[in-house]
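What follows is a single structure, written as structure tokens, with notes after it.
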Amino acid sequence: MALLATLWAEARPMVIVTAFSLSVMTVLELVFPRERQSLSRRWVGLAIWAFYVPFNLIVFKSLHNLWVSIGITPLVTIPLSFSWAGILSIVLAPIAGALVYDFFFYWFHRAQHALAWRFHAVHHSIRELNAVNSFHHVSEPIFQAIFLVLPASLIMADTGPTIPAMLIILQLHASFIHSPTRITLGPLRVFFCDNRFHRIHHSLEEKHFDKNFGAFTTLWDRLFGTAWLPAQNEWPETGLAEVDQPRSLRDWIDLPVRFRHERRDETIEPRSGNRSPA
């Protein structure tokens, strides 16, 4: 019981922030809808999140404890506290830290498409994409811990203390990029990813495959030649032609296996393009 109490004390802030961001974005999706979606499909997403968030925290807590016990420290520390900017530092520092992290995420995300597609395909299989239905496979925390967090931890962005409000805003943004709402970032979308930019990444259309890998900024996609800036009314269908999105917890867990078997048995015609695994 003491262990559970300790885990809950550490998990509670993330659970609250996640629940808050999903709730806010769901309300915006219902009040300012870009497309019609069923409420019932969100229940599966909520069930998945209820399992995924605790598992995610356990994986990252275990990684942190291992990293501390080994005694490995960052090789490079980038000073990004912006103390010279006065009160603006409370905004600039978290944004700068998110930019650095998004650089690592960009390359991790590209590696997922090239090397671990059938696991990442769970995220791309979602046809009714929204804040709640933006889940990843249960293996995602393990992949991220090993291939994203570990490398990123060797280059530390020293942003100084971060106020909770900025952490909430960053979490809201992570939900917003998957949201089918008419709300956009306006002119800020030139630099920051919004739902229209990220929608292209989930598109069913072959011309959009392997575009817009960034989750926070458009900078890395622009710099490395993978940016697709959507036209004003460009809002493609999402999902995968090869397999349906998970309709239950079992579907969510075993989709990578079914995806592989469907490809092997050719029971579903695979679509062309780089998004299909070799």
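The values are calculated or read from the model by the stated rules, or taken from the named source; none is laboratory data. Bear in mind that the values here come from a model prediction, so they are computed numbers and not experimental data. Quick reminder, even Gly has a Cβ in these numbers, built from the backbone with ideal geometry, and neighbours come from all protein chains shown. Quick note on the areas: whole protein, heavy atoms, side chains included, nothing else; ligands and nucleic acids left out. Shrake-Rupley method; radii C 1.70, N 1.55, O 1.52, S 1.80 Å.
Structure summary
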| read-out | value |
| --- | --- |
| Between helix 164-176 and the chain: long-axis angle, C-alpha atoms, 0 to 90°, nearest 10 | 10 |
| Value of relative contact order over segment 1-146, rounded to a whole percent, pairs C-alpha under 8 Å and six or more apart | 37 |
| Exposed-site-free run, longest, the chain (rule: GluC sites (Glu not before Pro); DSSP loop; at most 16 other C-beta within 10 Å) | 36-204 |
| Nearest-ten-degree value, helix 89-115 long axis tilted from longest Cα axis of the chain | 40 |
| Positive dipole terminus of segment 1-128, leading residue within ILE48, HIS109, GLY86 (C-beta point charges) | ILE48 |
| Gain upon complete extension [LEU39, ILE72; 0.36 nm per residue less C-alpha separation] | 7.3 nm |
| Under 5 Å, built H, 5+ apart or other chain: amide partners of THR217 | CYS193 |
| Structure-based [θ]222 nm, the chain - -39500 (n - 2.57) summed over DSSP H runs of at least 4, per residue, nearest 500 | -17000 deg cm²/dmol |
| Per-pair calculated FRET efficiency, R0 = 25 Å: LEU46 and GLU205 via Cβ, rounded to 0.05 | 0.30 |
| Prolate/oblate/rounded call for segment 192-251, Cα gyration tensor, a/c under 1.5 rounded | prolate |
| Using a Förster distance of 41 Å, the FRET efficiency for SER62-ALA231 (Cβ separation, nearest 0.05) | 0.40 |
| Between helix 40-70 and the chain: long-axis angle, C-alpha atoms, 0 to 90°, nearest 10 | 40 |
| Surface share of carbon and sulfur [accessible, 1.4 angstrom probe, percent] for the chain | 68 |
| Relative contact order %, segment 125-232, counting alpha carbon pairs below 8 Å whose residues are six or more apart | 21 |
| Rg to Rh, two decimals, where segment 93-136 supplies the alpha carbon set and Rh follows Kirkwood | 1.08 |
| Shape category assigned to segment 43-109 from the gyration tensor of Cα positions, a/c cut at 1.5 | oblate |
| Segment 97-248 - charge dipole about Cα centre, Lys and Arg +1 at Cβ, Asp and Glu -1, debye rounded to 20 | 140 |
| Centre separation in Å (Cα based) which lies between segment 57-87 and segment 125-174 | 15 |
| Rh by Kirkwood over Cα pairs, then Stokes-Einstein D for segment 104-158 at 0.890 mPa s and 25 °C, µm²/s | 201 |
| Normalised contact order of the chain, rounded percent, pairs of Cα under 8 Å and 6 or more residues apart | 25 |
| Per residue, in Å², the accessible surface of segment 168-214 once ligands and nucleic acids are set aside, probe 1.4 Å | 37 |
| For segment 1-95: rounded, prolate or oblate by the Cα gyration tensor [a/c cutoff 1.5] | oblate |
